[in-house]
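Have a look at the structure below before the remarks.
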Amino acid sequence: MVEDLAKSFGGVHAVDGVSFAIPRGSLTGMIGPNGAGKSTVLGMIAGAIRPDRGSIALEGQEIAGLPSHRTARRGVVRTFQAASVFPRMTVLENLLLGVPPWHGEGIAAALLGRRRWRREEREQVLRARELLARLGISSMADTFAAQLSGGQKRLVEIGRAMMARPRLLLLDEPMAGVSRTLAPVIEALVAELREEGMTVLLIEHELALVERLCSPVVVLAQGRVLMQGEMAEARANPEVRRAYLVG
Ligand code: ADP
Ligand code: MG
């Protein structure tokens, strides 16, 4: 639940009093023209951008203004508009980096003891390999991420996010920069996450895709929410049409 969220950059009101809900277990879509403030909203939920004001409640707990490592610990995991992988690490290592730190570091690891920690690590590697199979990129486990295509990087990025078993997954235009062959693979994956009941916020500009995948949708324009409802309503809404025409 996001309430009255706001962020300015210099004089620009990028996000200007935004309120909406991401129902638990939903695949909520966020649409709106370029510059509407979508990525900024996502960044604030993820803890990467500190809001000027407003509240973000995750399952009843306030997370607005927490730094990203703390929102991550609460189960908020994101991907970026420009696919971001660790180029000089292998695909498998990239996935393992998604495992939350409390599984193998610091006090927890010390308390668990080395043997148990090793076992956990083995389990994570198994999970990562299962995920790679599911993503259809098993054969690339030992390839350096730098060598992947845009779409493959995207798959790795989503796989890394899934390793964290998120309570809220934030996807910023996951089809951007993805080839025509891989886009349907990513769409199918997102649809599967929805079937599994994962709570997802998906930013996407292709309306047909949002219509196939998302319910509800939030429409943003010029830093404000134009409407929240079903995609069919959004299409019929004159304000939404105008916002898209104006760009
Ligand atoms: P969207 O993702 O909907 O395209 P953004 O959230 O990226 O929109 O951007 C919203 C507005 O805020 C735009 O006018 C953009 O130029 C501005 N903006 C976003 N991030 C920054 C930043 N770090 N510094 C300055 N202006 C920014
Ligand atoms: Mg954006």
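The values are calculated or read from the model by the stated rules, or taken from the named source; none is laboratory data. Since the model is a prediction, treat every value here as computed from it, not as a measurement. Glycine gets a Cβ as well: all are built from the backbone with ideal geometry, and neighbour counts include every protein chain shown. These area figures cover heavy atoms from the full protein model, side chains too; ligands, DNA and RNA do not enter into them. Shrake-Rupley method; radii C 1.70, N 1.55, O 1.52, S 1.80 Å.
Relative contact order of the chain: 30 percent, from C-alpha pairs under 8 Å at least 6 residues apart in sequence.
Among Gly32, Gly75, Gly136, the largest mean-square fluctuation in a Gaussian network model of the chain, built with springs joining Cα atoms closer than 10 Å, belongs to Gly136. Dimensions of the chain based on its C-alpha atoms, expressed as ranges along the principal axes with the largest first, amount to 60, 40, 34 Å. Taking amide H positions as modeled 1.01 Å from N, with prolines and chain starts lacking one, the residues under 5 Å from Leu226 and 5 or more places away or on another chain are Val219, Leu220, Ala221.
Given a cut-off of under 8 Å on Cα pairs at least six residues apart, what relative contact order in percent is computed for region 120-247? Result for region 120-247 is 16 percent. In the chain, helices alone account for a calculated mean residue ellipticity at 222 nm of -11500 deg cm²/dmol, with every DSSP H run of four or more residues adding -39,500 (n - 2.57). Centre-to-centre, using Cα atoms only, region 18-66 and region 190-206 are separated by 15 Å. Mind checking which of Leu169, Leu27, Leu209 has the largest fluctuation in a GNM of the chain, springs on alpha carbons under 10 Å? Evaluated over the chain, the most mobile residue of the options is Leu209.
At an R0 of 41 angstrom, the distance between the Cβ atoms of Gln147 and Arg70 translates into a FRET efficiency of 0.75. Using R0 = 41 Å, the C-beta based FRET efficiency linking Val125 and Gln61 works out to 0.80.
3J(HN,Hα) along region 90-98: 6, 4, 4, 5, 4, 5, 5, 5, x Hz, from the Karplus curve 6.51 cos²θ - 1.76 cosθ + 1.60 with θ = phi - 60°, whole Hz, x for Gly and Pro. With θ taken as phi - 60° and the Karplus curve 6.51 cos²θ - 1.76 cosθ + 1.60 applied, the whole-hertz 3J(HN,Hα) list for region 216-221 is x, 10, 10, 9, 10, 8 Hz, x standing for glycine and proline.
Shown in residue order for region 229-235 are the 3J(HN,Hα) couplings computed by the Karplus curve 6.51 cos²θ - 1.76 cosθ + 1.60 at θ = phi - 60°: x, 8, 4, 4, 5, 4, 4 Hz (x for Gly and Pro).
Within the listed set Val99, Val91, Val12, the residue fluctuating most in the Gaussian network model of the chain (springs between alpha-carbon atoms under 10 angstrom) is Val12. Among the DSSP beta bridges whose two residues both lie in the chain, what percent are antiparallel, rounded to the nearest 5? Approximately 55 percent, going by the DSSP bridge assignments.
Between the exposed loop cleavage positions of the chain, defined as GluC sites (Glu not before Pro) in a non-H, G, I, E, B DSSP state with at most 16 neighbouring beta-carbon atoms within 10 angstrom, the longest gap is 106-195. On a per residue basis, region 1-95 carries 45 Å² of accessible surface, using protein heavy atoms and a 1.4 Å probe. Summing +1 for each Lys or Arg and -1 for each Asp or Glu among the other residues whose beta-carbon sits under 10 angstrom from that of Leu171 gives -2.
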